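S.K.: Right, I'll just put the structure down here and ask away after.
The numbers here are math on the coordinates, done by the rules we state, and not lab data. In this text the structure is predicted, and so the values were computed from the model without any measurement. Reconstructed Cβ throughout: ideal geometry from the backbone, glycine too, with neighbour counts over all protein chains shown.
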């Protein structure tokens, strides 16, 4: 174990460890020295080292693993590696983008933007945007009296969590689940409690165990779950709603990131009488990722805390962006395009699942833009498919305790491509690396 420098303060020790993590000299999973041994090495008191370790844990850089000691987090919140690149000539089925052909043009909407300069201290959410968002929520049976616009789905999750939780609190998350949510929670110093999902969402018995542990929050995706594609049905939504009703103090966050293009109805486990809840809907999948806006509905206290904290920092989401979204939502051609996008994404996703099923390959994707395929060896399958021209995502970062799998983004996958990809994947699994059946 390399020396961590001669700094005599907790901040200097923590910074030295962070630098080694960032530079790759302390890889994920590496065990740090015990508090007493590092204190002796650096020449400080054990309390100083304990304070440094506590700060590193708070920031998600290390985890305390009981008898296994303090270790570098599996995905510390540092810029260690870029998003996997797609080699020239390979078909991009890994980056998770919507099909650009199914996103509306911004040209007509730009013409509707009021060019009058706006100064400081505006309302966080334009009344016109709030009115349209409330109507959309109401159409799905969701009471959105209190809502606020924030800078995207992850910004919504982060702000809602910060309104109620503090470092060290435990959060129930989907497994497999969205890797960036995992990273966000680790960076905030929150403990991840995995809850397995099937094609209908969180498994109630596993969620019940997580709630019994005393989690402070539950984060779930009601449809278009990433990466498995789960979507709530009425029985599952009712079962989860009843279970959560027995734990009224737990914060519930629903990340409805795909909204109307998810290919599944909008069901919720929240109710207006729940003390603390939030439902976030992003425009990234329907209008384009660069617009960076999500509308969050929730209980009055949660929304007031989110908006108040937002005003102290970023202040508000650009009113130019908000006006663009109002113009797009008000345009019948956008509404028609979103409906066509939902049908197209479902057809493309189902085409691959059906083609794989015809070849005896199990796959999951009840909604959304991805197909989740259980495999025995993720890296081997990803490498073999890349040799055939298909760039797909290994599932390792998206899993906590569930078995290996790969994620295939089907948003722009054409029918003939689905047949060829299924044939190639079936061949890879049959002759080279094997597969799990579930």
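S.K.: Among 320, 279, 406, whose mean-square fluctuation peaks in a Gaussian network model of the chain (Cα, cutoff 10 Å)?
M.R.: Its mean-square fluctuation being the largest, the pick is 320.
S.K.: Pulled fully out, how much extra length does the chain show between residue 311 and residue 88, if you take 0.36 nm times their separation in residues and subtract their Cα-Cα distance?
M.R.: Extra length from residue 311 to residue 88 when fully extended: 75.9 nm.
S.K.: Radius of gyration and Dmax for the chain's Cα atoms, expressed in Å?
M.R.: Taking only Cα atoms of the chain, I get Rg and Dmax of 23.0, 70 Å.
S.K.: Suppose the chain between residue 107 and residue 123 were pulled fully straight at 0.36 nm per residue; how much longer would it get relative to their current alpha carbon spacing?
M.R.: Contour length minus the Cα-Cα distance gives 3.2 nm.
S.K.: Can you give me the relative contact order of segment 183-290 as a percent, contacts being Cα pairs under 8 Å and 6 or more apart?
M.R.: In percent, rounded to a whole number, it is 24.
S.K.: Full extension from residue 246 to residue 135: what is 0.36 nm times the residue separation minus their Cα-Cα distance, to one decimal in nm?
M.R.: Full extension of this stretch gives 37.0 nm more.
S.K.: Is any residue of segment 386-422 close enough, with backbone N under 18 Å, to a label point placed 7 angstrom from the Cα of residue 377 along the Cα-Cβ axis, and if so, which?
M.R.: 386-388, 392-396, 403-407, by backbone N distance to the label point.
S.K.: At 7 Å along the Cα-to-beta-carbon direction for both residue 198 and residue 431, put a label point, then send me their distance in nm to one decimal.
M.R.: 3.6 nm
S.K.: What percent does the relative contact order of the chain come to when contacts are Cα pairs within less than 8 Å and at least six residues apart?
M.R.: Reported relative contact order: 18 percent.
S.K.: For a Förster distance of 56 Å, can you work out the FRET efficiency between the beta-carbons of residue 37 and residue 272, rounded to the nearest 0.05?
M.R.: 0.55
S.K.: Now for a different question. Rounded to the nearest 5, what % of the DSSP beta bridges within segment 105-330 are antiparallel ones?
M.R.: 45 percent
S.K.: Could you work out the relative contact order of segment 105-330? I mean the mean sequence separation of Cα pairs under 8 Å and 6+ apart, divided by the number of residues, in percent.
M.R.: RCO, segment 105-330: 28 percent.
S.K.: A further question on this structure: Which value at 222 nm does the chain reach when only helices count, each DSSP H run of 4 or more adding -39,500 (n - 2.57), with the total divided by all residues and rounded to the nearest 500 deg cm²/dmol?
M.R.: -12000 deg cm²/dmol
S.K.: OK, next. Restricting to the chain, compute how many DSSP beta bridges are antiparallel as a %, nearest 5.
M.R.: Here the share of antiparallel DSSP bridges comes out near 55 percent.
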